[in-house]
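For reference, the structure discussed in these notes is given below.
The values are calculated or read from the model by the stated rules, or taken from the named source; none is laboratory data. No experiment lies behind these values; they were computed from the predicted model shown. When we count neighbours, we look across all protein chains shown, and the Cβ atoms used for this are built from the backbone with ideal geometry, even at glycine. Keep in mind that these areas ignore ligands, DNA and RNA; they rest on the heavy atoms of the full protein, side chains included. Shrake-Rupley method; radii C 1.70, N 1.55, O 1.52, S 1.80 Å.
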Amino acid sequence: MAKIATVITNLFEDSEYTEPAKAFQEAGHEVVTIEKEAGKEVKGKKGDSTVTIDVGIADASPEDYDALFIPGGFSPDQLRADDRFVEFAKKFMDDKKPVFAICHGPQLLITAKTLEGRDATGYKSIKVDMEYAGAKYADKEVVVCQNQLVTSRTPDDLPAFIRESNKLLG
């Protein structure tokens with residue numbers, strides 16, 4: 001079973017974390033939350049979810065994980081301001097490990113400069129940013145690129161996002 005690094009901070013989109021995390025765990029995978037410091041509590045933007053962080057980014061190594069999960073909301077935009085999260089995400093993309101990004105999640109991948117030539121989707125407000133980053137944007141509920149990158153647009157796309165992410169994890 002896979003060990004999934006989940007980069008997350010305050011104002012994440014509640015369901016975009018809780019539903020995939022639950023589905024991954026039910027499939028037997030381990031979901032590890034990573035933020036600036038372990039033990040910190042982060043809250044979803046709807047206020048429905050509180051997550052206690054497992055590992056601080058200073059102690060997180062991409063080599064210790066099989067996949068990367070980036071929930072949406074305002075979380076990815078905040079995380080991409082910290083070079084440690086950008087480099088963390090870049091390593092997964094460079095190593096061709098599974099990466100799951102929904103809604104605004106691709107913002108972290110834009111900053112990591114890892115979307116050039118990749119098929120992807122995301123929330124419509126970041127479409128132009130993704131295109132400037134070289135992504136081939138598709139307005140579809142889920143896009144799977146090179147059997148590695150799974151992206152979706154909104155919470156409405158969660159069933160397809162979860163299905164394709166779990167399929168990639170095997």
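Odds and ends about this structure:
- Within the range 119-143, being touching a strand residue (DSSP E or B) at 6+ places or on another chain (Cβ under 7 Å), within 23 Å of S15 (Cα to Cα) and open to solvent by 60 Å² or more (accessible area, probe 1.4 Å) holds for K127, E141.
- Summed over the range 124-146, residues that are charged (D, E, K, R) and under 16 Å from the mean Cα position of the chain (by Cα) total 1.
- Test: residue in the range 132-144 that is of a type in the set (S, T, Y) and either part of a loop (DSSP other than H, G, I, E, B) or within 15 Å of I4 (Cα to Cα) (or both): no
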